[in-house]
Structures are given as structure tokens and as C-alpha cells.
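Here the structure comes first, spelled out in C-alpha cells, and everything after it is commentary.
The values are calculated or read from the model by the stated rules, or taken from the named source; none is laboratory data. A quick note: this is a predicted structure, and the numbers were derived from the prediction, not measured. Virtual Cβ from ideal backbone geometry, glycine too; neighbours counted across all protein chains shown. Just so you know, the surface numbers come from the protein's heavy atoms only, side chains and all, with ligands and any DNA or RNA stripped out. Shrake-Rupley method; radii C 1.70, N 1.55, O 1.52, S 1.80 Å.
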Amino acid sequence: MTDFFFIPSLWSFVFALCCHESHRSHISVLCVPPDLREIVFVIQSQSNSFHVRQAEKRRADLLKQAHGLTEKPPVVLLLHTLSDNEGDWSILPLLPSLSQTFGKNSSWIVFLEEETNVRMVPLLQVLAKFHKNREWFLGKPLHDEESTIIHHYAFAENPSVFKYPDFAAAWALSMPLVARLANKVRDEPLKSDFTIDLKHEIALYIWDNGKGLHLTAVPELCTDPEDSPDVQHCATTLSKDPPLCGESVNKEDIFVAVKTCRKFHSERVPVIKKTWEKDALFLEYYSDHTEPSIPTINLGVPNTERGHCGKTFAILRRFLSSAVPDTKWLVIVDDDTLISLPRLRVLLSCYDPSVPVCLGERYGYGLSQGGYSYITGGGGMVFSREAVVRLLNSGCKCYSNDAPDDMVLGMCLNALGLPITHSPLFHQARPEDYAKELLAHQVPISFHKHWNIDPVAVFNKWLRQDWRSETSGERDEWSKTEL
């Protein structure tokens with residue numbers, strides 16, 4: 001990151017540019033240099049030690065840049081430290097506190113992810129284009145090509161009409177908007193019990209059935225790689241690769257459990273065998289019927305049409321038994337999950353299996369009313385051995401065999417005070433259910449569902465390539481080709 005030194009003429013230059021641009025736009029602008037203390041940065045951090053380190057690095061970079069510009073640094077908050085409320089990651093329950101604490105002396109709240117690189121001077125230039133006393137919702141817009149289950153089929157007639165922010169590019173709320181939203185959160189209970197795709201749900205909440213604001217697109221909020229030649233205008237960028245924390249986890253450290261049933265032995269299991277089974281050293285198929293040709297193992301739990309809690313807890317118990325190899329990690333997937341185990345092994349190098357780790361795509365239930373987070377099962381659930389030990393030692397169990405296993409596990413983990421660690425690289429749905437621009441800057445680990453797709457082709461397109469063996473240019477070219 002470039003070091004900036006505080007030179008009065010720099011401010012003159014930056015905001016002369018701002019004023020010049022304002023005359024070319026239709027935005028009403030007051031070209032007054034914002035005091036950095038008027039900006040509150042909120043890093044959407046997590047409590048896992050790896051993510052704390054990532055967030056601390058991001059905070060240090062922001063403060064270093066600010067120090068080079070002025071002696072008045074901005075406030076930089078780590079989301080996971082703000083309270084003990086499990087629902088803070090869903091942002092909306094946090095707004096009343098942010099409004100009360102910073103409303104009088106701040107003009108903007110800028111949210112960013114751990115991997116979001118911020119270029120402070122261009123960001124200040126961007127914010128100066130928008131009148132701080134008006135309501136603004138700023139971001140890089142995403143949209144759906146078709147209506148999707150993860151967004152409850154919203155805007156089914158024309159899904160692309162609704163825009164929501166790509167969190168990786170950073171997004172910003174002006175303080176007048178924060179104040180209004182905070183009052184709304186206080187006065188009106190949040191209507192949805194489930195938090196599934198937070199960025200879409202926040203945009204819906206702010207839009208308020210057409211009575212509120214649409215997202216304002218800001219071209220300077222980018223998700224291009226930081227070393228791309230196209231980022232000169234960008235206030236934010238991304239690192240070109242996922243984080244590397246050392247050597248990939250060994251194959252022998254991972255045990256994979258596949259949940260299946262008799263009716264899918266001939267339909268779904270062959271897909272796994274054609275695609276990712278070969279990447280697993282230790283893998284077992286658990287079914288309601290023993291079929292030696294696969295082979296499957298009958299755990300004595302009847303098949304259920306939904307939930308599968310009984311089967312999942314039987315898998316947890318078997319993982320700690322002498323019946324299977326003693327491994328550091330347990331991965332539980334559905335029989336229609338598509339997953340890249342080599343990419344998962346790279347990711348797991350960042351986590352300590354000697355402590356409780358529960359990793360996957362995080363959903364929430366009742367987060368505004370003291371609810372809990374959980375790993376949605378279709379994208380794959382990853383547990384360290386210590387996490388499984390603590391779960392089973394707690395006495396937690398299913399209230400019925402067909403209870404939703406992922407949600408029951410979430411309740412148990414919440415009661416134990418064990419956090420869910422979120423990775424956006426796990427996906428509960430198919431690639432076509434996500435915005436193209438979102439997937440363009442990801443190296444996905446999993447997708448889920450075979451509905452209306454060729455699952456082998458989807459695996460080969462999205463999950464077969466090993467990004468470590470490709471150059472950055474090859475990956476960029478591949479992304480353009482695939483999208």
C-alpha cells in the first residue's frame with residue numbers, strides 16, 4: 001500500500017479534482033475536505049483467531065494511511081468486538097448503537113471486509129461527491145440474472161432491476177440514513193426470521209418496498225485485483241489470491257462424510273465418483289440402505305424427507321469412534337454437494353484444528369431477537385475434532401430424527417459459546433443462483449443442488465481447476481471465459 005504524506009497541496013489537488021468532477025455530474029456536491037474523524041470504518045470481522053489477524057492487518061493499514069494524511073485518524077472498529085450479541089454480523093441490529101455512539105460527530109460509516117484494500121485518498125474523494133447531510137447508500141452494485149431461491153425469488157418478473165452491494169468492494173451509509181434506519185430497527189421488529197444473503201437483505205431493508213433508497217452505484221468501489229492495470233480510478237481493490245497460511249492440510253487429516261439415501265444411490269452418488277471423490281483419502285457414504293458396490297454404510301437411522309438430524313449426529317459419534325481413521329477435520333456434505341477438496345485443504349491451512357472450528361456458509365435465525373447462527377448444510381459443514389468433542393460432550397442432541405441438522409447444530413454451538421466461522425467460498429445453491437460479478441472474484445470451494453444443471457459440467461467449470469497452479473493472468477482470463 002502506498003504511503004501518503006500530509007502535504008497541504010495534496011488536499012488542494014484531491015478536492016480540486018472532486019469539484020471538477022462534480023461539475024461534470026448531476027450530484028449535488030459540497031467540495032469540502034472531510035475530516036477523517038467524520039468517517040467510521042467497520043471491518044466485518046470474525047472472532048476466529050485467523051480472521052482477527054486479518055482484520056487487525058486491515059485496521060493497521062487504514063490507520064497508517066490516515067496518519068500519512070492527517071493527525072486526526074478515523075475510527076476503525078472490528079465488528080466482532082462491538083458487543084456479545086450474536087446477531088451483530090447481520091449489521092441491522094447494530095445500527096442503533098452505531099447511531100447513538102457516532103451520530104453527532106460522524107458523517108459516514110464505511111463497511112468493509114477483511115480482504116478489502118482501501119486507498120484512502122480516492123475514497124475521500126468519492127465521499128466528498130455526496131452531500132453528507134443527505135441520505136446515501138453507496139456501493140458496487142450486484143444484480144440477479146434470474147430469480148433465485150437464496151433471495152426468496154424476489155423480483156421474479158425482472159430480477160436484474162434490484163441492485164445490492166458487493167460487500168467485498170466496501171459499502172457506505174451516510175449518517176442521516178443510519179439515524180433513520182436505527183429508529184426503524186428500534187421501533188419495528190425485523191420481519192424476516194432468517195438471514196441468508198445479508199447484502200441482499202440489507203438492500204431490501206433500506207429500499208423498504210420502494211419507500212426508501214436504492215443503492216447508488218459508485219464505480220470507484222472495485223473488486224479488481226490490486227495489481228490490475230485497471231484500478232487507477234479505484235478507491236477499493238482486492239488481494240489477487242486467497243490468503244495462504246502455509247502448506248495445504250494433508251489428505252490424511254480430513255475425513256469426509258456423505259449423507260445419502262437409497263433412492264439417490266444411482267442418481268447422485270455416481271456424480272461424486274465422477275468428480276471429487278478421488279480427492280478424498282478417507283470418505284464414507286451414509287445411507288438408510290447398505291449397498292456394497294458403492295459402498296454405503298447404514299447407521300441405523302431411518303431416512304427422512306427433510307432434516308437428517310439423526311443421521312448427522314450418528315456421523316458425529318462415528319467420527320470420534322475407532323471405526324474410522326483419527327483425523328483432524330470432519331467434512332459433512334449432502335450427496336448433491338459439489339466440492340473442491342484441494343481448495344478446502346488450502347483454506348484449512350489457516351485454521352487451528354486443536355481448537356473448536358465450525359466453518360462453512362453462515363446463515364442466521366432470529367438474530368434480532370437473540371437467535372443463533374448456523375452453517376447451512378448444503379454447501380458443506382467443516383468441523384475440527386475439538387469442535388465435535390465439545391458438541392457431543394455437551395449432551396446436545398436432536399429433538400427428532402428429521403429435525404434440521406444444521407439449525408440444531410447452530411443452537412448447540414450457540415449454547416456452548418462456540419462461534420460459526422463464515423466463508424463466502426461455500427455456496428448453498430448453484431452457480432446460476434449468484435451474481436456473476438460476485439463469483440468473478442471468488443475461488444469457490446463448493447456449490448449445491450443438481451436441479452436443472454449438469455452437475456459434472458458445473459464441477460468441471462467451477463471447481464476442477466487448481467488456482468495455485470495458474471498464473472494470475474490465466475485466472476483472470478479463465479474468469480472472463482467462464483462468465
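Only one entry of Asp335, Asp352 meets the criterion of being modelled with pLDDT of 95 or more, touching a Phe, Trp or Tyr at 6+ places or on another chain (Cβ under 9 Å) and under 15 Å from Phe459 (Cα atoms), and that entry is Asp335.
The rows are residues; the columns are (1) in the same structural domain as Leu92 (by the TED database); (2) open to solvent by 80 Å² or more (accessible area, probe 1.4 Å); (3) in a loop (DSSP other than H, G, I, E, B); (4) among the aromatic types (Phe, Trp, Tyr).
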position: Asp227; (1), (2), (3), (4): yes, yes, yes, no
position: Val231; (1), (2), (3), (4): yes, no, yes, no
position: Val258; (1), (2), (3), (4): no, no, no, no
position: Ile272; (1), (2), (3), (4): no, no, no, no
position: Leu283; (1), (2), (3), (4): no, no, no, no
position: Thr290; (1), (2), (3), (4): no, no, yes, no
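Scanning the range 325-354 for residues that are in contact with a strand residue (DSSP E or B) (Cβ under 6 Å, 6 or more places away or on another chain), more than 25 Å from Arg430 (Cα to Cα) and open to solvent by 10 Å² or more (accessible area, probe 1.4 Å) yields Pro325, Pro353. Just to be sure, is Trp171 open to solvent by less than 40 Å² (accessible area, probe 1.4 Å), aromatic (Phe, Trp, Tyr) and out of contact with any Ser or Thr (no Cβ under 9 Å at 6 or more places or on another chain)? Judged against the criteria, Trp171 is a match. Scanning the range 67-81 for residues that are aliphatic (A, V, I, L, M) and in contact (Cβ under 8 Å) with a residue 40 or more places away in the chain gives a single hit, Leu69. So which of Glu157, Glu146, Glu135, Glu114 ends up being closer than 30 Å to His448 by Cα, of a type in the set (Asp, Glu), modelled with pLDDT of 95 or more and in a loop (DSSP other than H, G, I, E, B)? Of Glu157, Glu146, Glu135, Glu114, the one residue that is closer than 30 Å to His448 by Cα, of a type in the set (Asp, Glu), modelled with pLDDT of 95 or more and in a loop (DSSP other than H, G, I, E, B) is Glu114.
The number of residues in the range 60-84 that are at pLDDT 95 or above and hydroxyl-bearing (Ser, Thr, Tyr) comes to 1.
Residues that are closer than 30 Å to Lys163 by Cβ and open to solvent by 30 Å² or more (accessible area, probe 1.4 Å) number at least 1 in the following strands (runs of 3 or more DSSP E) confined to the range 355-450: 362-365.
In the range 192-213, of all residues being under 22 Å from the mean Cα position of the chain (by Cα) and part of a loop (DSSP other than H, G, I, E, B), the one that is surrounded by the fewest Cβ atoms within 10 Å (Cβ to Cβ) corresponds to Asp193.
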